[in-house]
């Protein structure tokens, strides 16, 4: 759990720095053009949506928030799956010519999500059958 929390907070920090770099280097902190760029360019829209969805996850990643939210904490944090897909889509759309790297990330994400789905829906082991039996 600690490793996943750290990884999630790292992802939020990276996304925030990425967003800040875009604001600084591309827009020169021109706040009036932020909305225009987000609406006009689909890859920016998708990236901004992914960042926006990460904000509540980062804010509620502490044990205190886990207690306060109770059962609602886990469904909220399951948003990470569509967020990851949005991040891969954002990266795929940004890259203009060589799509090998975003394709690699898409394959890794598909493998990880497929593995989680398989573990969730696999048939339960029969408790009457010995472990080594076929």
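The values are calculated or read from the model by the stated rules, or taken from the named source; none is laboratory data. All values reported here derive from a predicted model rather than from experimental measurement. As a convention, Cβ positions derive from the backbone with ideal geometry for all residues, glycine included, and neighbour counts pool all protein chains shown.
Things to note:
- Selection status of residue 12, farther than 22 Å from residue 112 by Cβ, in contact with a helix residue (DSSP H, G or I) (Cβ under 8 Å, 6 or more places away or on another chain) and either surrounded by 12 or more Cβ atoms within 10 Å (Cβ to Cβ) or at pLDDT below 90 (or both): no
- Residue match in segment 110-130 (condition: within 15 Å of the chain's Cα centre (by Cα), assigned to a helix (DSSP H, G or I) and under 22 Å from residue 17 (Cβ atoms)): no
- A residue that is at pLDDT 90 or above and either within 12 Å of the chain's Cα centre (by Cα) or farther than 24 Å from residue 8 by Cα (or both) can be found somewhere in segment 57-73.
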